[in-house]
Amino acid sequence: MFVGGCGLFDASRVDTIRLPMLATRNDPRTDLALALRGARWSVAGLLVIAAGVASADETKPPANEVKPLAGEAKTTARQSKEIRDYKPATAEEKRAALEMLRSGITDSQLFDNYFNFVLSQFTWEESRPALHTLRKNLKSHLRTASNQAAHDQINQLALALMKPIALDAGFHHTVRVNAALVIGDLNQQEVPLGAIGDPVPLPATRQFLLELVTNKDRVTDVDDALRITALNGILRHAQDSDMPEAERNRIVEIVTALVQEKQAPKGRDARVHAWIRRSAAQVLEAVAQRAGGVRSPDEIRVVAEMLADRDSPLTVRCDAARIVGTLDLRGVDTAIRVQLGRMVGQLALDVVKAESTARSLKSRLEDVRTALKGSNGGQGTERGLATNPAQNDKPFFDQLTERIDAVLAPMDHRRAQEADVVQQVKQKAGELETWLRGQQGEVAGAIGGVPPATR
């Protein structure tokens, strides 16, 4: 899953990963697999190794494919900074520090030294193969800290140590990304052991995570890896219903700007840029899921631009379709809803033209259907374009939904030959295309009646 585990995905459930084989729909492992296939290896590879989901041998590409991290100083691993200022705890001191997690801090010097020592191990060269284990152990300490004051003190120690590490190019790039992962995973309130629920992300981390995202002065592989990691941390906050509205609006402003940045800046691979835009879109989707009622004209326009931009990767446009499926659009002008529907129909056609396997077709077209029926297929929801349409646009959405369902229908026959399935899908897509053209032709790239989006 995208949230939890190691931060990028749930590495705790994976011993070893073959990325292309395990990549699934709406799973960031798909992003990693695609990036490893063709995009700059250093960004995807850095995130894989930093997340600790595979051994170095499994993620290391052939020697002729290894590329240096853009913008990084040419230093060997042993020249990277390490923090070794804290003395190892004796067995008795360790027991005392761990007991304070439950009973409360009675010796702050001993407590701080022990956990600073634990945190400093993230910077050691010999710790790099086990960074995921270190993060897992830190999370375990925080979850078992039934004393809130002790829990909060570990959070403060982690922030004080990890913030400078994430920003300091003197530390190894894997260490820096892990520092950002630690910060993004910190919680104000943990889920008690044995309980079910969601933790409450630590509000004090939000500003720093946003700074990592908005740092446009540097466009290097490491900075992009930090940016993606920070967006994943922000995703957790966007899913928190208790976030103040002003802070939520600030997040929306930042990720909207990223989504609208269609052209990759100099020095960034186009596929890495698409990865960043997708990560931002997922944050936007999470915000929409938490917010009730109609979204602002600016937000509707941003989503419409993502849907209609046929120069953007299909993955980005399908993300936009899923966002549409989270919106309660009752009360939105009929003309706007219908034009969004046409954009969704055009996306379905583009998916069918671009994808060649039944699996990829089904994955993308399910995103298209989500735009119409909402995230739970139209059952018990007020969200999605075709859910509770106005009387005057109901015929349009009934027909559009029927035709999209018809395009998907051949893939429900599990015993059919793949070539036959793909051919039937393309045939039904041809019928959809003919119908769409009868609905005022190919979709335009703007929404009438909605003022231009502002930043």
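The values are calculated or read from the model by the stated rules, or taken from the named source; none is laboratory data. Not measured: the values here are computed from a predicted model. Quick reminder, even Gly has a Cβ in these numbers, built from the backbone with ideal geometry, and neighbours come from all protein chains shown.
What to note about this one:
- Failed item in (1) in a loop (DSSP other than H, G, I, E, B); (2) surrounded by fewer than 17 Cβ atoms within 10 Å (Cβ to Cβ), with Leu327 passing the rest: (2)
- Within region 166-189, being out of contact with any Ser or Thr (no Cβ under 7 Å at 6 or more places or on another chain) and under 17 Å from His151 (Cβ atoms) holds for Val182, Asp185, Asn187, Gln188, Gln189.
- Apart from one condition, Ile251 fits all of (1) surrounded by fewer than 21 Cβ atoms within 10 Å (Cβ to Cβ); (2) closer than 16 Å to Arg227 by Cα; the exception is (1).
- Meets criteria (crowded, with 21+ Cβ neighbours inside 10 Å and within 22 Å of Val344 (Cα to Cα)) for Arg277: yes
One line per residue, one yes/no per condition, for (1) among the basic types (Lys, Arg); (2) in the same structural domain as Asn232 (by TED's automatic domain parsing); (3) in a helix (DSSP H, G or I):
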{"position": "Gln109", "(1), (2), (3)": "no, yes, yes"}
{"position": "Asn116", "(1), (2), (3)": "no, yes, yes"}
{"position": "Leu119", "(1), (2), (3)": "no, yes, yes"}
{"position": "Arg128", "(1), (2), (3)": "yes, yes, yes"}
{"position": "His132", "(1), (2), (3)": "no, yes, yes"}
{"position": "His141", "(1), (2), (3)": "no, yes, yes"}
{"position": "Val177", "(1), (2), (3)": "no, yes, yes"}
{"position": "Pro192", "(1), (2), (3)": "no, yes, no"}
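- Candidates Glu190, Glu211: the one that is surrounded by fewer than 17 Cβ atoms within 10 Å (Cβ to Cβ) and of a type in the set (D, E, K, R) is Glu211.
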